[in-house]
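The block underneath contains the structure these notes are about, expressed in structure tokens.
Just so it is clear, none of the values below were taken in a lab; they were calculated from the coordinates. For clarity, every value in this text was computed on a predicted model and none was experimentally measured. Note that we place each Cβ from the backbone using ideal geometry, even for glycine, and neighbour counts take in every protein chain shown.
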Amino acid sequence: MNQTLKDRVEELRKKIHYHNYRYYVLDEPEISDAEYDRLFSELEELEAKHPQLITLDSPTQRVGAKPLKQFGAYEHGIPMLSLNSVTEESDVREFDARVRKALEWEIEYVVEPKIDGLAIELVYENGVFSAGSTRGDGRTGEDITQNLRTIKTIPLRILSDDPPLPLLEVRGEVFMSVGKFKALNAELGKRAMKMFANPRNAAAGSVRQLDPRVTASRPLDFFTYGLGRVEGKDFSTHWEILDYLRDIGFKVSPLVRRFKGIDDVIKYHEEVQERRDELDYEIDGIVVKVNSIEQQDRLGTISRSPRWAVAYKFPAREEFTRVKDIMVQVGRTGALTPVALLEPVQIGGVTVSRATLHNEDELLRKDVRIGDTVVVERAGDVIPEVVSVIKSKRTGAEKEFKMPDRCPVCGAEVLKEGPIVRCIGVSCSAQLKERIVHFASLRAMDIEGLGEKVIEQLVSKQMVSDAADLFFLTKSDLLKLDRMGEQSARNILNAIEKSKQTNFSRLILALGIRHVGTYTASLLADEFSDLDALSRASYEDLVRIPGIGPEVAKSVLLFFAQDSTRELIEKLERAGVWYEKKKKVSEGGQVLADKTFVFSGRISMPREQAKSMVERLGGKVTSSVSKKTDYVIAGEEAGSKLVNAKKLGVRVIGEEEFMEMVKE
Ligand code: IVH
């Protein structure tokens, strides 16, 4: 065999492993994608010409194994333990007291997030990945080597210049990010395939596929949190183990911390719980581990759980309850949303008595019936949602629900557009109310104090027939409303008056044109000098604007073709609504004025596009994280920038939350 050829192949592999690590684990690529592709193709070509040179740890071999008939059993060298879990502060204090009693000194703890995924073990022999398995019953799991090989954040080869250890068993959690999970489900839904109930099930289902090509197509990720057997190296603390694993190419959660004493651990639990929704992966608590290995050994294990660690869980976000009834809500654009009325239930400290069922297709897919026992989830500020039905609890007395074929509020006909049923009534009071709520909202005209209750009354007492009528209300009108005092009436009138001075972008948003959210409104405001010009825009004028597609264009045209729109605009002018009429890039809604953003990892749109979105709304994008950064947008495989953000206490948001900020 030609020695130089063999050397070149090895050199290429080394480089590719290294650049994989820079890209996937650190999120700090050193070379361009094109350069990477060149290296990869060269290796592929050489391997194709000289198949005898192919080794299992070659980066070309992540996918390629044949489907299995069934998984083999895999016996763990050291049992994979489970954790005792607690939810109350007093229980963690008790854990700490037990530890201190056994050891009689102040304890240093390492805290890690408890990742909601699937525990696995990876075996490296002489630095090369040789086997991977599920936890199974702790002693014996399933051999899923071929599947784990496809996960990009699992190194095929240990990254180190030192001679490799003869044996290293790495343990951790395979998971799927929330964003990827949603995208996967959407895709499965489109192809009428079975969807997953949550990211954990999606990760477990994807990793336990007999065909590794299916696993390879699933966006899985891996965080490590410990070791099994090790030959050739000793560690004195858990912290050292994590450092080592990080150094040799594994992802360790950026949320790991080290504390002396239980008080700081409890504080950190609270902090992580508050930031739970900012993460793009699900965690259900923290894991508290005694740092010193010697102390761990002294504490030992009792019935499959170590005495030196505990899972300190967050309050559940899912609860069981019963569907008392199903009703239909009518939104601003007439969309009919089925809503489940529930037996009130406490979820994470909040009483939940209704949950959205999204639309008719979702309702049918989940087969939710009146009387059903269901799982309800409430995540952060998101509207509670019915996740699934416990069908085994059915008695036969449950009633199926059918979407009405007329609007439940105005009685007009409804039209089905894809999964959405829409009321086509032009004077539907539910739509009117929602339109005015939107008009007055913070991001639109920002009329302080004009809440939903007041608007509801204004509509039902027929004191307003469109949003512009707000500007003609008098104090005596307002005083006719329930629970309205002199002072509140005066405040509302002042706020209405103040809102007359606005900017173009806010005004466009306030009009409530379908598909026109904050970002699109700012695009339109940049392009047109005033409402008159916008109302005369042609389809071509609109689609020429980068960022505006046919659907938005059609919707804008349709809006301005309505008589009611013309009337509304005239009234607004008569009322003296005023906005600056000039073209200026980034005049926008300026919702992001003076805000600095940093992107980390991959997001689903080109970065340039995301950047221009931020800039149009008055914000700035920089490449590195500093104290001055306001938000870090964590995409997939976000790496070191995320670590920095956490260190500096910079707010980290996911792509979805970012889209919320810039779009509707
Ligand atoms: S340590 C020695 N650390 O929780 C204890 N487990 O019941 C072994 N998990 O099966 C586990 N994040 O799936 C540990 N940072 C973390 C974890 C973690 C999630 C899961 C793991 C395990 C279960 C323990």
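Results, tabulated for the structure shown:
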{"quantity": "J(HN,Hα) series, the range 606-612, from Karplus relation 6.51 cos²θ - 1.76 cosθ + 1.60, nearest Hz, glycine and proline x", "calculated": "x, 4, 4, 5, 4, 5, 5"}
{"quantity": "Helix axis angle, 563-575 relative to the chain longest principal axis, alpha carbon, degrees", "calculated": "80 degrees"}
{"quantity": "Loop-resident sites, the range 463-503, for trypsin sites (Lys or Arg not before Pro), counting at most 16 other Cβ within 10 Å (DSSP)", "calculated": "K480, R483, K500"}
{"quantity": "Kirkwood Rh and Cα Rg combined as Rg over Rh, evaluated for the range 128-274", "calculated": "1.01"}
{"quantity": "Cβ-based net charge around L558, under 12 Å, with every Lys or Arg adding one and every Asp or Glu removing one", "calculated": "+1"}
{"quantity": "Neighbour cut-off at most 13 other Cβ (10 Å), DSSP loop, chymotrypsin sites (Phe, Trp or Tyr not before Pro), the range 80-172", "calculated": "W105"}
{"quantity": "In the range 187-267, the trypsin sites (Lys or Arg not before Pro) that fall in loop regions by DSSP, at most 15 other Cβ within 10 Å", "calculated": "R191, K194, R208, K233"}
{"quantity": "Value of [θ]222 nm, deg cm²/dmol, for the chain, DSSP H segments ≥ 4, -39500 (n - 2.57) each, nearest 500", "calculated": "-10500 deg cm²/dmol"}
{"quantity": "Amide proton proximity set for S130, modelled H, under 5 Å, gap of 5+", "calculated": "V123, Y124, E125"}
{"quantity": "Global size of the chain as Cα Rg and Dmax, reported in angstrom", "calculated": "29.1, 97"}
{"quantity": "Long-range amide H partners of I347 with built H, under 5 Å", "calculated": "V352"}
{"quantity": "Between helix 178-190 and the chain: long-axis angle, C-alpha atoms, 0 to 90°, nearest 10", "calculated": "70 degrees"}
{"quantity": "Per-residue Cβ neighbour rank within 10 angstrom, fewest leading, T356, T395, T134, T87", "calculated": "T395, T87, T356, T134"}
{"quantity": "Principal-axis tilt of helix 550-561 within the chain, Cα atoms, nearest 10 degrees", "calculated": "10 degrees"}
{"quantity": "Reach of K190 by Cα under 20 Å, taken over lysines that are not fewer than 8 positions away in the same chain", "calculated": "K180, K182, K366, K416"}
{"quantity": "Normalised contact order of the chain, rounded percent, pairs of Cα under 8 Å and 6 or more residues apart", "calculated": "11 percent"}
{"quantity": "Net +/- balance of residues flanking A468 in space, Cβ distance below 12 Å, scoring K and R +1, D and E -1", "calculated": "0"}
{"quantity": "Local net charge near L220, Cβ-Cβ under 10 Å (Lys/Arg +1, Asp/Glu -1)", "calculated": "+2"}
